[in-house]
Amino acid sequence: MLQLTFPGHRILDYYFAINMAEQVVSDSGAEMSQSDIRRAWYIKSMQSDRVKVLVDSTKDTFWVPYDLLAQYSTAFKKFRNALNDSGDEIVLPDVTTSTFDDFFIWLHAYEPCILGTESHDSHIIDGALHLAVFAQKYQIYHLRNQASDVVRAALRDGEWNITPEMISAVYKDAPSGSALRQLSFLGFVAAEGRTDATLWQAAFIDCPSLGWDYFQYKNGSELYQEGIQDGGRTC
């Protein structure tokens, strides 16, 4: 499981400021500060109706505050709006329990954030990549950027290798030209020569665009010549 660390209270950022549905005022009628608005929104969202989320093939169950979930993900908001009266269930058989565990912890934090870690343990970095892919697929961009930075740091330091299965997962859900796909491709390039080339055959078959990206890279495309640079943390 990915190790998540969360910082303390900070001023409300622009993301939440523009997504408040209505102006929040204090009991006295005075406008509240941004930090007070953030606090009020968080408390209200934590007490919102729970939606049942079933993950993995085992259908492990999570009860998640709907307002909290919808704030970060338009995809989950659409899922909930499409549910019929038979029940409030969102079924995600393609998401592992461990990945949703990490997301669940991140989601409930007052200031959701994944901080950098000095450890490049493969299980931690693997978890970060799976979390980034999950966030890409379900449009949780705040989380995707944070998880991608953990992977980026490990690749830059040369202490972690992406696998064919992982790059296939990224190419399946991340659009062409996206930062997550570029990052995973650079991870593939970094592993070149250190792994058996035949192991990548399945990935090239499953992801034809991987071959095209490799062709561009070998022909000096500027898209892949900057290397694995810092992405800029969002927390």
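The values are calculated or read from the model by the stated rules, or taken from the named source; none is laboratory data. Small disclaimer: the values here were computed from a predicted structure and weren't measured. Because the Cβ atoms are built from the backbone with ideal geometry, glycine has one as well, and the counts that use them run over all protein chains shown.
Looking at (1) modelled with pLDDT of 90 or more; (2) within 23 Å of LYS78 (Cβ to Cβ); (3) outside the structural domain of ASP67 (by TED's automatic domain parsing), can you tell me which one TRP106 breaks?
(3)
Cβ-Cβ below 7 Å, separation at least six or inter-chain, first residue in region 203-219 and assigned by TED's automatic domain parsing to the domain that holds TYR171, second surrounded by 11 or more Cβ atoms within 10 Å (Cβ to Cβ) and hydroxyl-bearing (Ser, Thr, Tyr): which pairs?
ALA203/SER168; ASP206/SER168; CYS207/SER168; CYS207/TYR171; SER209/TYR171; LEU210/TYR171; GLN216/TYR224; TYR217/TYR224
For region 167-215, which residues satisfy the criterion of being at pLDDT 90 or above, among the acidic types (Asp, Glu) and surrounded by fewer than 20 Cβ atoms within 10 Å (Cβ to Cβ)?
Selection gives ASP173, ASP206.
Tell me, which residue of region 52-81 that is under 18 Å from GLN139 (Cα atoms) and in contact with a Lys or Arg (Cβ under 8 Å, 6 or more places away or on another chain) is surrounded by the most Cβ atoms within 10 Å (Cβ to Cβ)?
It comes out as LEU69.
Report yes if PRO164 is of a type outside the set (Lys, Arg), outside the structural domain of GLN201 (by TED's automatic domain parsing) and either touching a Cys at 6+ places or on another chain (Cβ under 9 Å) or modelled with pLDDT of 90 or more (or both), otherwise no. So that I can check it myself, show each step before the final result.
Values: of a type outside the set (Lys, Arg): yes; outside the structural domain of GLN201 (by TED's automatic domain parsing): no; either touching a Cys at 6+ places or on another chain (Cβ under 9 Å) or modelled with pLDDT of 90 or more (or both): yes.
Criteria not met by PRO164.
Of all the residues that make up region 45-97, how many are farther than 18 Å from HIS108 by Cβ and in a helix (DSSP H, G or I)? Outline the logic, then answer.
Step one: list which residues in region 45-97 are farther than 18 Å from HIS108 by Cβ, which gives 54, 56-59, 74-75, 78-79, 81-89, 91, 93-94, 96.
Within this subset, residues satisfying the condition of being in a helix (DSSP H, G or I) are 74-75, 78-79, 81-82.
Final tally of qualifying residues: 6.
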